[in-house]
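Before any comments, here is the structure.
The values are calculated or read from the model by the stated rules, or taken from the named source; none is laboratory data. All values reported here derive from a predicted model rather than from experimental measurement. Virtual Cβ from ideal backbone geometry, glycine too; neighbours counted across all protein chains shown.
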Amino acid sequence: YNGSAVNATTVQTNVTNFDATWTTFPIPNGVLLTSGAGTGAVGPNSSNNNTDATGTSVVTDADLQAIAPNTITNGVILEFDFEATGDSVSFEYMFASEEYPSDYGGSFYDVFGFFLSGPGFAGPYSNGGVNIATIPGTSTPMSILNLNPGTNVAYYVDNVGGAAYGSAIQ
């Protein structure tokens with residue numbers, strides 16, 4: 001977690017697991033990474049611009065900074081190694097922002113990167129890495145400016161007031 005063995009063994013409020021079984025949330029369980037405390041993501045979605053900054057940490061990551069036009073001020077990095085036993089691997093993820101729907105393109109610029117590197121990769125990021133967190137069918141990174149109610153709307157889900165996922169998530 002955040003490239004630090006100390007952080008990996010200390011409870012972090014902005015990295016948590018979730019179980020959304022029996023809700024309308026499309027991912028039944030997994031890991032929640034937030035720039036604030038994960039408790040702020042607990043549903044229902046009853047507050048616009050809800051935040052819990054107790055988990056906020058300063059992040060410095062060259063790859064993430066390469067896809068963000070502004071200086072990154074907080075966030076979370078989860079890094080792990082694995083060895084594939086076959087010819088493919090898959091991950092399911094969702095990019096979300098508390099800035100939706102009101103402040104996309106405003107003073108905050110939320111961005112998400114999912115970088116893979118290793119044998120067979122020759123991308124522009126660290127260790128020849130590639131960013132797989134892109135708008136489908138493009139090389140455009142996942143960010144609040146590239147995915148919002150006015151841009152790439154086919155992939156934007158409005159959850160104001162729990163419209164999409166009920167009480168599953170803030």
Q: Evaluate the following for Ala84: is it at pLDDT 75 or above, of a type in the set (Gly, Ala, Ser) and in a loop (DSSP other than H, G, I, E, B)?
A: yes
**Q.** Single unsatisfied condition, Gln65 versus (1) modelled with pLDDT under 80; (2) in a helix (DSSP H, G or I)
**A.** (1)
Q. Of the residues Val160, Val111, which single one is in contact with a Pro (Cβ under 8 Å, 6 or more places away or on another chain), under 22 Å from Gly40 (Cβ atoms), surrounded by 14 or more Cβ atoms within 10 Å (Cβ to Cβ) and not aromatic (Phe, Trp, Tyr)?
A. Val111
Q | Matching option when the condition is more than 19 Å from Asp158 (Cα to Cα), surrounded by 14 or more Cβ atoms within 10 Å (Cβ to Cβ), modelled with pLDDT under 80 and small (Gly, Ala, Ser), among Ala53, Ala37 | A | Ala37
